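Participant: The following block contains the structure, expressed as structure tokens.
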């Protein structure tokens, strides 16, 4: 395998990753419950607001773990 073949495969992989990220950025805001689940922390004071979507993060982590375990078998 020449060095250019390896570079080509890396560029294709980065392209696929960029497409997946782009599709995620386009469609994730259209999911109505994502980021507004019970358990997500939102604190608002006079001139301060803090938002931490802990339950959303746990749910996404669980879904990704299940998907990766289905597709990546050893």
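Participant: For segment 32-74, build the convex hull from the C-alpha positions and give me its volume per residue in Å³.
Facilitator: 78
Participant: Just to compare against my own numbers: the Cα pair-distance distribution for the chain, 5 Å bins, whole % per bin, please.
Facilitator: The calculated distribution, bin by bin, is 3, 12, 11, 16, 17, 13, 10, 7, 5, 3, 2, 1, 0.
Participant: Mind checking the full-extension length gain between residue 27 and residue 54? Use 0.36 nm per residue of separation minus the Cα-Cα distance, one decimal, nm.
Facilitator: Once the chain is fully extended between residue 27 and residue 54, it gains 7.7 nm.
Participant: Moving to a separate point now. Rounded to two decimal places and with Rh computed the Kirkwood way over Cα pairs, what is Rg over Rh for segment 1-44?
Facilitator: Here Rg/Rh amounts to 1.35.
Participant: Using only helices, what value at 222 nm comes out for the chain when you add -39,500 (n - 2.57) per DSSP H run of length 4 or more and divide by the total residues, to the nearest 500 deg cm²/dmol?
Facilitator: Roughly -20000 deg cm²/dmol at 222 nm, from the helical runs in the chain.
Participant: For the chain, what is the relative contact order in percent, using Cα pairs closer than 8 Å and at least 6 residues apart in sequence?
Facilitator: Relative contact order here is 18 percent.
Participant: Could you give the length gained on full extension between residue 69 and residue 4, defined as 0.36 nm per residue of separation minus the Cα-Cα distance, in nm?
Facilitator: Gain in length upon complete extension: 20.2 nm.
Participant: Work out how much length residue 11 to residue 45 would gain on full extension: take 0.36 nm times their residue separation and subtract the Cα-Cα distance, in nm to one decimal.
Facilitator: Result for the pair: 7.6 nm of gain on full extension.
The numbers here are math on the coordinates, done by the rules we state, and not lab data. Because the structure is a prediction, the values reported are computed rather than measured.
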